[in-house]
1. Of all residues in region 44-99, how many are modelled with pLDDT under 90 and charged (D, E, K, R)?
2. Only one of these conditions is not met by residue 1: (1) modelled with pLDDT under 90; (2) not aromatic (Phe, Trp, Tyr); (3) not in a loop (DSSP other than H, G, I, E, B). Which number is it?
3. Can you name the number of the only condition in (1) modelled with pLDDT of 90 or more; (2) open to solvent by 40 Å² or more (accessible area, probe 1.4 Å); (3) more than 25 Å from residue 5 (Cβ to Cβ) that residue 175 fails?
4. Among (1) open to solvent by 30 Å² or more (accessible area, probe 1.4 Å); (2) at pLDDT 95 or above, which single condition is residue 215 missing?
5. Could you list all residues from region 143-156 that are more than 17 Å from residue 218 (Cα to Cα) and in a helix (DSSP H, G or I)?
6. Could you grab me the full set of residues in region 101-124 that are open to solvent by 10 Å² or more (accessible area, probe 1.4 Å) and touching a helix residue (DSSP H, G or I) at 6+ places or on another chain (Cβ under 8 Å)?
7. Please specify each residue of region 24-46 satisfying the condition of being more than 27 Å from residue 189 (Cα to Cα) and part of a strand (DSSP E or B).
8. Find all pairs meeting these conditions: Cβ atoms under 6 angstrom apart; at least six residues apart or on different chains; first residue within region 255-270 and in contact (Cβ under 8 Å) with a residue 60 or more places away in the chain; second residue of a type outside the set (A, V, I, L, M) and open to solvent by 50 Å² or more (accessible area, probe 1.4 Å).
Amino acid sequence: MAYQTLMISNPAYLSLDSCRIKITQKQISNFLPVEDLACIVLDNPQITVTNGLLSLLSAKNIALIIIGDNHVPNGVLLSYLPHSRQNLVIKQQINATRYFNDVLWQFIIQQKIINQALVCEKLIGSCANLYNLAANVSIGDKNNHEAEASRKYFLLMFGKDFTRNCDDSINALLNYGYSVVRSLIARVVVAAGLLPTFGIHHDNELNAFNLVDDLIEPYRGFIDWYITAKIGVNQTLNARTKGQVIDILYHLIIIDNKSMTILNSIQVMVNSYVLSIKHKKNCLLLPQIPESIIRINLD
């Protein structure tokens, strides 16, 4: 299973050389096999990528994430129709009833709020009444407990003056983390034969990744915890901290009562969604907060 992420933050020329990635910087070339790569992050406007390499990345289902002038991902290259039974999977996805999707959404939001509560307990020692809100999420979250929980959660985490639409260092780090994980979820969603534009709850006609935005929700608490504890909310978003944020992919999370990396957990979660729409029952496996933040050794 692919597990490595390549981040390039300086001018470079990327090309294909005997099924290897050739990275040329300052007239010096290095070669990298593609077998273990999950994604490549391009974080410099002076990076050139050849069409031959783009084609290989697409064939190997390696996500190519492009960082914009605002320092967060603004584009991702994904494989086109890579699943052998795409037609069947899409029909099952589209035929899911509103009630069925509402049941799945209730489950997702309950886990999201529980994860937020656990993070608050670990960092603050208090979680207000988040557990109570999680326990009382209705089918489809008609009472919008998600919004109420998020308001209380961010107040506890970052203080009364914090807002998610503020252009500050905290939000820059959080948005970068969310965007990286979102891109990797999109990669797995497409590989599973799903159409990312058809969501469980999100239904914005201008959004090509509604399903991805549904599935990222229970990961947000862990991303917040990791950035707060391992990077620091007073840090600015730069090449060093971007690399630290991307490193979250190699940290362990709990899913299906097993400990695994964020990268691997995404595969488990998406597979469980495919099973859910196939069998028309809630088979979702969602990420849970571990006891501590642990990174696996890739050596």
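The values are calculated or read from the model by the stated rules, or taken from the named source; none is laboratory data. Source: prediction; values computed, not measured. For neighbour counting, all protein chains shown are included, and Cβ atoms are generated from backbone atoms with ideal geometry for every residue, glycine included. With ligands, DNA and RNA removed, areas are computed over all heavy atoms of the protein, side chains included. Shrake-Rupley method; radii C 1.70, N 1.55, O 1.52, S 1.80 Å.
1. Of the residues in that region, 3 qualify.
2. (3)
3. All conditions are met except number (3).
4. Here residue 215 meets the rest and fails (1).
5. Across region 143-156, the qualifying residues are 155, 156.
6. Across region 101-124, the qualifying residues are 110, 111, 112, 114, 118, 122, 123, 124.
7. 24, 25, 28, 29, 30, 31 - these are the residues of region 24-46 that are more than 27 Å from residue 189 (Cα to Cα) and part of a strand (DSSP E or B).
8. Listed pairs, sorted by first residue: 263/3.
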